[in-house]
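Here is the structure we will look at.
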Amino acid sequence: MRRNVDKNQWPDEELLQAIREGDKSALNLLLTRYHSKARKQAKWLTRDDGLADELLQEAFCSVIKRFLSTSPVENFAVYLASVITHTWMKSRKKQREEATADALLLEYIENSELQQSAQMKSLSEELEAAELGKQLWNAVGNLPKIQRKVLKLKYIKDLTYPEIACLLKMKENSVKSLVHRSVATLRKRKWE
């Protein structure tokens, strides 16, 4: 190994060996060296600067955890690219799960509206109710993520305030306040 040469000049293999020997600055140098390429890959996958930065941060955290707990891999460039791709796929799966939860909320809202509309006498009242359901769904979609989450837990999953508080690691009064504010926001948007 060329210990007398500046680390910036070391090839990846020597940096990986230094990491194996406990040199954390070598890991930092590797991450810095590949940051630009990794950022381009993250941007290509997400098509969004903000999401690319989040993806890159999560991927780098995974790499650091791996290198601090076990021995590093042989080809860092390939490993980093696979971590970025895997992290992106994991985030896409989470987004799909959230979209499924949103669809359940929409179904609940639509079913509530349909039950009410079955009792209505005229076609115009049914159309008005369907439009109201769409407006409500759009309003729910515009709420902040935490407000959508507490509404789903309260009205879709039928959880109690203490259960929601425990699940979200929040105080019960905070959950009640979030639900109240969310419903108040939806009522306000109905009349705008």
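The values are calculated or read from the model by the stated rules, or taken from the named source; none is laboratory data. In this text the structure is predicted, and so the values were computed from the model without any measurement. Virtual Cβ from ideal backbone geometry, glycine too; neighbours counted across all protein chains shown.
One table, with the values for the structure above:
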{"item": "Residue list for the range 68-114, restricted to those being at pLDDT below 75, in contact with a helix residue (DSSP H, G or I) (Cβ under 9 Å, 6 or more places away or on another chain) and of a type outside the set (D, E, K, R)", "result": "68, 71, 72, 73, 101, 104, 105, 106, 108, 109, 112, 114"}
{"item": "Filter result for residue 93 (closer than 30 Å to residue 17 by Cβ and of a type in the set (D, E, K, R))", "result": "no"}
{"item": "Residue in the range 171-182 that is under 24 Å from the mean Cα position of the chain (by Cα), closer than 18 Å to residue 101 by Cα and modelled with pLDDT under 85 present", "result": "yes"}
{"item": "Of all residues in the range 42-90 being farther than 24 Å from residue 20 by Cβ and among the hydroxyl-bearing types (Ser, Thr, Tyr), the one that is nearest to the chain's Cα centre (by Cα)", "result": "46"}
